[in-house]
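First the structure, then my questions, so here it is.
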Amino acid sequence: MLCNVCNENEATVHLTQIVGEKLQKVDLCEGCSKEKGIGDPTGYSLADMLLGLGATEEADEISPDLKCPACKYTQADFKKSGRFGCPECYTVFSEGLESMLKSMHKGLKHVGKTPRTVIAQDSSRKLEKLKAQLDQAVEEENFEEAARLRDEINSLESVPVEDSKA
């Protein structure tokens, strides 16, 4: 396969970019890849690419020769693959993970997603409870509380289930 830039030399560097739903491939020879600023692809770790270049350096400073006793995985192995070898690795390498996880995710604890059916059930239970409270407030002639409950019911009924958060 020839280089897409010079159309003369054999392509040794192959890049793939996905933008939206379009896949774009670029094949470069060694000379053109260096000219375009693309160095040795093995010089980049997957973890660095995911976290931002140099982000794993902090983890290296902790203990570069630290090894998981269960699977013998090292931090260098993690940097290369972007994955750990076993569940025990999370405990062994926990000290350096916190800062990396904060930059990758919204938090340090996985909370998952709430199924829409659960959100709908919770919402309908809350509406039933509010309507019962509204009836009680009207019966007791507590009209300020009844107005507040009415407004809360109206706001809940106007929000589509997909947009509500659990």
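Give me the lysines in straight-line cross-link reach of LYS109: C-alpha distance below 28 Å, same-chain residues under 8 apart excluded.
Of all the lysines, those that pass the test against LYS109 - Cα under 28 Å, at least 8 places apart if same chain - are LYS67, LYS72, LYS79, LYS80, LYS126, LYS165.
A further question follows. Of the listed peptides 119-126, 145-152, what is their order by residue-averaged count of other C-beta atoms within 10 Å, with the highest listed first? Numbers along the way, then the final one.
Details: 119-126: 13.4, 145-152: 15.2.
For the peptides 119-126, 145-152, the packing ranking is 145-152, 119-126.
How big is D, in µm² s⁻¹, for region 116-163 by Stokes-Einstein at 37 °C and 0.692 mPa s if Rh is the Kirkwood radius over C-alpha pairs?
Details: Rh = 11.2 Å.
Here the translational diffusion coefficient equals 293 µm²/s.
Quick note: the coordinates plus some simple rules give every number you see, no bench work behind them. Predicted model, so just to flag it, every value in this text is computed and none were measured. Using ideal geometry, Cβ is built from the backbone for each residue, glycine included, and neighbour counts are taken over all protein chains shown.
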